[in-house]
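Take a look at the structure below.
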Amino acid sequence: MERTENISKSPVGMAEKPDGYEGAGFFATSLEKVVGMARKNSIWPLPFATSCCGIEFMATMGAHYDLARFGSERLSFSPRQADLLMVMGTIAKKMGPVLRQVYEQMAEPRWVLSVGACASSGGIFDTYSVLQGIDRIIPVDVYVPGCPPRPEQIIDGIIKIQHLVENESLRRRDSAEYKAMLNKYGIE
Amino acid sequence: MDTNESLIGQAPPEEKQYSYLNLGPTHPATHGIFQNVLKMDGEKIVDAEPTIGYIHRAFEKLAERRPYAQITPITDRLNYCSAPINNIGWHMTVEKLLGTEIPKRVQYLRVIIMELARITDHLICNAVIGVDTGALTGFVYMFQQRELVYEIYEEICGARLTTNIGRIGGFERDFSPKAWAKIHQFLKEFPVILKEFENLLKRNRIFMDRTIAVGGITAERALSYSFSGPNLRAAGVDYDVRVADPYSSYEDFDFIIPIGSNGDVYDRFMVRQEEMWQSLSIIKQAIDKLPDGPYHAKVPEFYLPPKEEVYNNMEALIYHFKIVMGETDIPKGEVYHCVEGGNGELGFYLISDGGRTPFRLQFRRPCFIYYQAYPEMIKGSMLSDAILTMSSMNVIAGELDA
Amino acid sequence: MEASAQEKIINSLKQKYEGDILHIETPYGFLTITLKKEKITEIIRYLYDNPDTKFQYLTSLGGVHFPDLNQIAVVYQLHNLVSNQRLRLKTYLPVDNPVTDTLTSVFPAANWMERETYDFYGVNFKGHPDLRRILNVDEMIIFPMRKEYPLEDQTREDKNDSMFGR
């Protein structure tokens, strides 16, 4: 009985309304803002978990630090259905082509979150077999440092991705600048 | 109809078309990064070819570059689900090389931490077995319990997962009252949840149908593949390093070694489940019998002196400098020390030539050794059974590749 | 392991293979026997079957590179689970041609361990069913654990080698 009382007392949170003109029965705003708001609250991540950071990600997805409340309820293991590629853990040189293939299979718009020191820069493994940062092979949007980062830091990274998603122009993926960046990585 | 019969007459019976399924390096349920190319006859598996090395981080070469105290963070990342066991195993190896005497209190505290780590490792494995049979709720509940253990680790060493716990010679400080409070709280709350989780799966019709007589291995084959740990005990061999070569005062504690009979997935699940109960009992015994004493051994060449002495005492300052720069004198020799990790006998073969870094450090990784038997274990079974066998063997990619 | 148990093992080995034993020592109480490399599989098979020794569990198999001796040692660690005795056997191979016999006929567990030793040191195990690289990329031409090769990837430009430790 106590539980239901608490639920009815707490205010229900809703997403913030973007700026626009309001009237009786209509709300006018720009398409970019609406699409941004919809996208940011429903990011479907692809957890590319390789090592220890993967266990911290599992803790982030768990009940204590729930990632699902940010809209990432459905983890997609198929790149075709995912928005955000979360690379968590060390990427060895043997794994590089696999990561590249997974990234190329994702449909636009796609974002990449590099979780952990190993994915960002090679971490403590400055060795011949470890790729010194995934940004050598794919473009990265947000880096989350840590070894492994606390779940709060991973959530902070997700929130920064949400800022990027919300404020992205609808035409960005077709712009010449973006295409030039992809060409730098050799991705078509 | 005669057309159908003529078709049947034409099909050659020996030329079977096998299909190849790539259970690729990235697969759901985050078991780890390794690849299996399965040769399938419909839904049955005829052969499997594993490929590993997708997370090879060259630990052994890295260890030749780092002084002894700096190797502890590397050992964390071997079996990262139970990192304290690896750390303490490495510390014990160096202490064996130096020939130091470790106080009883340190040994008991180490036992408490190692058994907590063993519980967390088995929690993940059993929760993942549940997930692979469809019981997703157990996973969420078990990860909540891991959070309690993470808080205990944080009180002791500051980190959650890759703990780098303790030092060569003991601990940097005694456990604080808050840590003891959290340990007692854990000992009160955890058995209730563990019992709930066990009741969810132990006599569950679906779980038993999916796991009994799946992925089995006989004791002889398991021994010839050098299995160790819960996988070997599920096959029926009672080899446990804690009992065979007791280290860190394990001989003072009273616990049983659970063994299975068939070596199948159900036996492995139950062995791990029972080991968690035994670990809880060991922790209780260690807390009850905990002796007083120093929390570190007298190893001035390896153990950082307290900061007040470093600022006031010349000798302590010199020791501090030498230890941090790794310029301490280390005896020459070769030593092998093994501990009972979450997966089995985790061994450290250390050759020292007197320099500040090891000459050769080989990690005897149980996962790497018993994963070889995987193709043999899944021959003739269905694809879903292969997934279940893989998750029940508790293959951790960090330990597989090193 | 007490001295008498170790004596028994040494005696039963000396009964048949006296000529192959090069050196016996017990660092930190662990019986270590250095052997000639020619009959190593035969000797381990003998230790497996002989009722006095019965070493039927292979704990580990690894290589060590000694650049000053120009040799690569292969270290086998065996364990008798029933009587709880451990044994370490070492064989030394010349660096320019490290060839030795495979152990897979005695222990199937040696399969991947030998592949790892080949991957790291280039030791060629004659008779191994599938000797190829296991942990490193297949295209690698060097054997990286040998002492002459550096730890770091020399083509990286974002790390500063003048920092401490490199």
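Ranking B:Ile369, B:Val299, B:Leu317 by Cα position along the charge dipole of segment B:259-402, where only Lys, Arg, Asp and Glu carry charges on their C-beta atoms, puts B:Ile369 farthest toward the positive end.
Among B:118-130, B:212-224, sorting by the average number of other beta carbon atoms lying within 10 angstrom of each residue, highest first, gives B:118-130, B:212-224. Here the Karplus curve 6.51 cos²θ - 1.76 cosθ + 1.60, taken at θ = phi - 60°, turns the phi angles of segment A:116-130 into couplings of x, 5, 5, 6, 6, 8, x, x, 7, 9, 8, 10, 6, 9, 10 Hz, with x standing for Gly and Pro.
The phi torsions of segment B:221-235, fed into the Karplus equation with coefficients 6.51, -1.76 and 1.60 and a -60° offset, translate into couplings of 5, 5, 5, 6, 8, 6, 5, 7, x, x, 5, 6, 5, 5, 7 Hz, rounded to whole numbers, with Gly and Pro shown as x.
With the Kirkwood sum run over all distinct C-alpha pairs, the protein assembly as shown has a hydrodynamic radius of 28.0 Å.
Apply the Kirkwood formula to segment A:139-188: the hydrodynamic radius equals the inverse of the mean of 1/r over all pairs of different alpha-carbon atoms; give it in Å with one decimal. The answer is 12.7 Å. A Förster distance of 41 Å, applied to the separation of the beta-carbon atoms of A:Ser42 and C:Thr155, puts the FRET efficiency at 0.50. Among the lysines of chain C, pairs that are 8 or more positions apart or on different chains and have alpha carbons within less than 20 Å of each other number 23.
Dividing the radius of gyration of the alpha carbons in segment B:51-158 by their Kirkwood radius gives 1.04 for Rg/Rh.
Total lysine pairs in chain A at Cα distances under 17 Å, for residues eight or more apart or on different chains: 4. Farthest towards the positive end of the charge dipole of segment B:84-193, among the residues B:Ile183, B:Ala117, B:Thr93, is the Cα of B:Thr93, using unit charges on the Cβ of Lys, Arg, Asp and Glu. Building the convex hull from the alpha-carbon atoms of chain A and averaging its projection over directions returns 13.6 nm².
Take each residue in B:40-52, count the other chain C-beta atoms within 10 Å of its C-beta, and the mean is 1.
Rank these for me by crowding, B:Lys298, B:Lys182, A:Lys160, going from fewest to most other beta carbons within 10 Å. Exposure proxy ranking, most exposed first: B:Lys298, A:Lys160, B:Lys182.
Panel note: the C-alpha atoms of chain B, placed on their principal axes, show extents of 102, 46, 32 Å (largest first). Across peptide C:55-65, the mean count of Cβ atoms from other chains lying within 10 Å of each residue's own Cβ comes to 5. 3J(HN,Hα) couplings calculated from phi for segment C:10-27 with the Karplus curve 6.51 cos²θ - 1.76 cosθ + 1.60 (θ = phi - 60°) are, in sequence order, 4, 5, 5, 6, 5, 3, 10, 10, 4, x, 8, 7, 9, 7, 10, 8, 9, x Hz; Gly and Pro show x.
Residue by residue along C:144-156, Cβ atoms of other protein chains within 10 Å of the local Cβ number 5 on average. For segment B:276-402, the normalised intensity computed at q = 0.12, 0.16, 0.19 Å⁻¹ comes to -0.80, -1.03, -1.11 (log10 of I(q)/I(0), Debye sum over alpha carbons, equal scatterers, no solvent).
When B:Tyr20, A:Tyr128, A:Tyr65 are sorted by how many other C-beta atoms sit within 10 angstrom of their C-beta, beginning with the fewest, the order is B:Tyr20, A:Tyr65, A:Tyr128.
Shape annotation for segment C:1-92: C-alpha extents along the principal axes are 38, 26, 21 Å, from largest to smallest. The packing ranking, built from the mean of other Cβ atoms within 10 Å per residue, places the peptides A:17-24, B:370-377, B:395-402, B:191-198 in the order B:395-402, B:370-377, B:191-198, A:17-24, highest first. The local environment of A:Thr90, defined by Cβ-Cβ distances under 14 Å, has a net charge of -1 under the rule Lys, Arg +1 and Asp, Glu -1.
Among the chymotrypsin sites (Phe, Trp or Tyr not before Pro) within segment C:110-166, those in coil by DSSP and having at most 16 neighbouring Cβ atoms inside 10 Å are C:Phe164. Among residues other than C:Thr34 with Cβ under 9 Å from its Cβ, the summed charge is +1 (Lys and Arg +1, Asp and Glu -1).
Mind ordering B:132-139, A:25-32, B:385-392 by average Cβ neighbours within 10 Å, highest first?
Descending mean neighbour count gives B:385-392, B:132-139, A:25-32.
Net charge dipole, segment B:93-170: roughly 280 debye, given to the nearest 20, about the Cα centre with Cβ charges of +1 for Lys and Arg and -1 for Asp and Glu.
What FRET efficiency comes out for B:Thr137 versus B:Asn312 if R0 is 60 angstrom and r is the Cβ-Cβ distance? Round to the nearest 0.05.
The formula returns an efficiency of 0.55 here.
Dipole magnitude for chain C: computed about the Cα centre from +1 point charges on Lys and Arg Cβ and -1 point charges on Asp and Glu Cβ, it is near 500 debye. Taking a Cβ cut-off of under 11 Å around B:Ser281, the surrounding Lys, Arg, Asp and Glu residues balance to a net charge of -4, with basic ones at +1 and acidic ones at -1. Within straight-line reach of B:Lys182, meaning a Cα separation under 18 Å, sit the following lysines at least 8 residues removed in sequence or on another chain: B:Lys284.
Each reported figure results from applying straightforward, stated rules to the coordinates on display, with no laboratory input. Bear in mind the structure is a predicted one, so any value in this text is a computation, not a measurement. Please note: Cβ atoms are built from the backbone with ideal geometry, for glycine as well, and neighbour counts cover all protein chains shown.
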